[in-house]
Amino acid sequence: MDKPKLNLSFTLIATLVGFMIAIQFQTVKKPVERDTRDIWQLREALLKEKELQSNLLSEIRSNEEKLSAYESKRKQSKEQALKDTLQELKVEAGLTNITGPGIKLLIEPVIEDVQLGTPVNDSISPELLKRLLNELNMYDAKYIAIDGQRIINTTVIRDINGETKIDGHSIKGLPIEIKVGVDDMGTAEKLSNQMKVSKARDEFFTESLRLTVSASNPNITIPAYDNSIRVQYMEPIKEGGGS
């Protein structure tokens, strides 16, 4: 190899080595970046982090309290719904006193027959009472009590040993009061007017009995059914739905 080419190769190699040394020196010379904040700045940052954590915990507790309150309210709503349903069922079954609009009926002997010396009829046949109840129900009567005895769906009116009995209660002696409850005053007025021209009055009169119908009244109290209710053909369900 001739001398000029040798010098050129040496120059290129020297230049390359010098460039690499310069890069390495610059890399070593450049310091590593580090946190230059002082102690107070670090404390302030730590306090901010703690404050953020405290706020998050407070929000979590608030949400948990809201969920707990909602769950409690939901349970109370279920309990209240059950109580309301039970109360409605009791009302429908006749197990509660009812006060509201209605009328009164009075059954008593015909005074004219007494004055004429005709024997006084001091009893009412079950058939006469049943026909009266049917007519009252036809005119939207909702609650009925005869001689203080609440009439419900299972009520039995029959003759036992010559006495008319309502669920075991003897109907004897006159006068006898019948209380009838309805939903509103409009229905009460209509019921009063219909019963005043009812054929039931004629049927009672032929039995020497007078049926007197009162005007509508906003405060008629119908007593609750006070006998035990017999339930037939029903059995309690065992736990788990088994029979």
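Summary table
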| quantity | calculated |
| --- | --- |
| Stretchable slack from Glu127 to Thr96, in nm (0.36 nm times residue separation minus alpha-carbon distance) | 8.4 nm |
| Least to most buried among Val213, Val91, Val110, Val180 (fewest other Cβ within 10 Å first) | Val91, Val110, Val213, Val180 |
| Long pairs among Lys75/Lys104; Lys78/Lys179; Lys142/Lys172; Lys104/Lys165; Lys83/Lys179; Lys165/Lys199, criterion Cα-Cα beyond 32 Å | Lys75/Lys104; Lys78/Lys179 |
| Residue order, fewest to most beta carbons within 10 Å, for Ile229, Ile107 | Ile229, Ile107 |
| Exposure proxy order (Cβ contacts within 10 Å, fewest to most) of Thr206, Thr155, Thr164 | Thr206, Thr155, Thr164 |
| For region 111-210, with +1 on Lys and Arg beta carbons and -1 on Asp and Glu, the positive-most of Met195, Val180, Ser123 along the dipole | Val180 |
| Residue-span extension gain [Ile160 to Glu88] - 0.36 nm each, minus C-alpha spacing | 22.5 nm |
| Cα-only radius of gyration and Dmax that characterise region 98-222, units Å | 14.3, 43 |
| Estimated distance in nm for a label pair at Ala224 and His169, the labels positioned 7 Å out from Cα along Cα-to-Cβ | 1.5 nm |
| Qualifying trypsin sites (Lys or Arg not before Pro) for region 35-105 [loop in DSSP, other Cβ within 10 Å: at most 13] | Arg37 |
| Given charges at beta-carbon only (K, R positive; D, E negative), |dipole| of region 47-93 in Debye | 60 debye |
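Laboratory data are not the source of any read-out in this text; all were calculated from the coordinates shown. Since we're looking at a predicted model, the values are computed, not measured. Every residue, glycine as well, gets a Cβ built from its backbone with ideal geometry; the counts of neighbours run over all protein chains shown.
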